[in-house]
1. With respect to L268, is the statement that it is over 30 Å from S66 (Cβ atoms) and of a type in the set (A, V, I, L, M, F, W, C) true?
2. When you go through (1) of a type in the set (G, A, S); (2) in contact (Cβ under 8 Å) with a residue 60 or more places away in the chain; (3) surrounded by fewer than 24 Cβ atoms within 10 Å (Cβ to Cβ) one by one for G136, which number turns out not to apply?
3. Yes or no: A232 part of a loop (DSSP other than H, G, I, E, B) and either in contact with a Cys (Cβ under 6 Å, 6 or more places away or on another chain) or surrounded by fewer than 20 Cβ atoms within 10 Å (Cβ to Cβ) (or both)?
4. Could you please give the count of residues in segment 57-105 that are more than 21 Å from R156 (Cα to Cα), in contact with a Gly (Cβ under 6 Å, 6 or more places away or on another chain) and acidic (D, E)?
5. Residues F149, F144, F129: which one is modelled with pLDDT of 95 or more, out of contact with any Lys or Arg (no Cβ under 9 Å at 6 or more places or on another chain) and among the aromatic types (F, W, Y)?
6. Hey, can you tell me all the residues within segment 173-187 that are surrounded by fewer than 24 Cβ atoms within 10 Å (Cβ to Cβ) and not polar (S, T, N, Q)?
Amino acid sequence: MPGGQLPLFGDGALGAAARESRLRSRRRPDGGDAGLRVAVLGSGSGGNSTIVESADGCLLLDAGFSCRELERRLDIVGRSAADVDAVLLTHEHDDHSRGACRFARRHQVPVYGTRGTCRGPRLRELGAFARPLGPGVPLTVAGFRIEVFPVPHDAREPVGIVVESSLGYRVGLATDLGRRTAQAWRSLRALDILLLESNHDLDMLRTGPYPWRLKERVASARGHLSNEEAAAGLDELLSDRLSWVVLCHLSETNNSPAMASGSAQPVLDRRGSGAKLVVAEQHRPGAWLEVGPGCGAGR
């Protein structure tokens, strides 16, 4: 758990983080489940957070709700803050980092983010709980192997995240990206669970109530991925091992679950994919999605 503060913005910080990152899980797994489980606690412009667990440990990917709300949503899925070994942040925007500082202090867990992310106004008070991560420097956190990759978004140093369990089950998270990139899509191959942004329908965005400048931002190459782009990207990421596809970060103004799934499901059908499609919700956690022994899915 957190000790002295790492030289977060100094030379060698990432290497130091890689050397120190073997956290001991605070969970006491019974060893009965060797697979990987994921539950989206909520996803959208009002807040984003996802719990990932295995027999190795338990992580939160993003903490975009207040500490109290994170605790409440964890309780809904049958977990508590005491189960969480670490928080990993994709970027500093409020809907991804709002509760990180309070959660870290209250529950004594480290928060991993890029240098740019940890310079965000809401995250400057992390202090000794801050841990650096960055592309090209894999970390082992609570038994998981973590890789991050840069994404195009209007944040300081945003990333997507791939989490791999000790037995090789893999979940990838890619939201808040204005376009697909070759580097991101290379990182997202060979997954068991894919969490992919499907933010808006272009026609709804074009004719909707947003100010023109905000419409331009959302649709830009540093904004958010449209349903059409998400479906095209999904087509490139399908594999025999992919068991779950979760469409995330839907706009409540410029999209709907039916429209998002209506773009993605035909891709799965056309390719004969056995992956199940789920649309993440903003206002309540989703069900646990499992891969591994006894789940009827996975490798």
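1. Working: over 30 Å from S66 (Cβ atoms): yes; of a type in the set (A, V, I, L, M, F, W, C): yes.
Against the criterion (over 30 Å from S66 (Cβ atoms) and of a type in the set (A, V, I, L, M, F, W, C)), L268 qualifies.
2. The one condition G136 does not meet is (2).
3. Numbers: part of a loop (DSSP other than H, G, I, E, B): no; either in contact with a Cys (Cβ under 6 Å, 6 or more places away or on another chain) or surrounded by fewer than 20 Cβ atoms within 10 Å (Cβ to Cβ) (or both): yes.
So A232 fails the test.
4. Adding up the residues that qualify gives 1.
5. Details: F149 fails: out of contact with any Lys or Arg (no Cβ under 9 Å at 6 or more places or on another chain); F129 fails: out of contact with any Lys or Arg (no Cβ under 9 Å at 6 or more places or on another chain).
Answer to the selection: F144.
6. Of the residues in segment 173-187, the ones surrounded by fewer than 24 Cβ atoms within 10 Å (Cβ to Cβ) are 178-187.
Across segment 173-187, the qualifying residues are G178, R179, R180, A182, A184, W185, R186.
Residue-wise test of (1) part of a loop (DSSP other than H, G, I, E, B); (2) touching a Cys at 6+ places or on another chain (Cβ under 9 Å); (3) at pLDDT 95 or above; (4) within 22 Å of H96 (Cβ to Cβ).
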position: L196; (1), (2), (3), (4): no, yes, yes, yes
position: R206; (1), (2), (3), (4): no, no, yes, no
position: P209; (1), (2), (3), (4): yes, no, yes, no
position: H224; (1), (2), (3), (4): yes, no, yes, yes
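Conditions tested, residue by residue: (1) of a type in the set (G, A, S); (2) surrounded by 14 or more Cβ atoms within 10 Å (Cβ to Cβ).
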position	(1), (2)
N254	no, yes
M259	no, yes
V267	no, yes
S273	yes, yes
R284	no, no
G292	yes, yes
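The values are calculated or read from the model by the stated rules, or taken from the named source; none is laboratory data. Note that the coordinates shown come from a computational prediction; the quantities given were computed from them, not determined experimentally. Note that each Cβ is placed from the backbone with ideal geometry, even for glycine, and that neighbours are counted across all protein chains shown.
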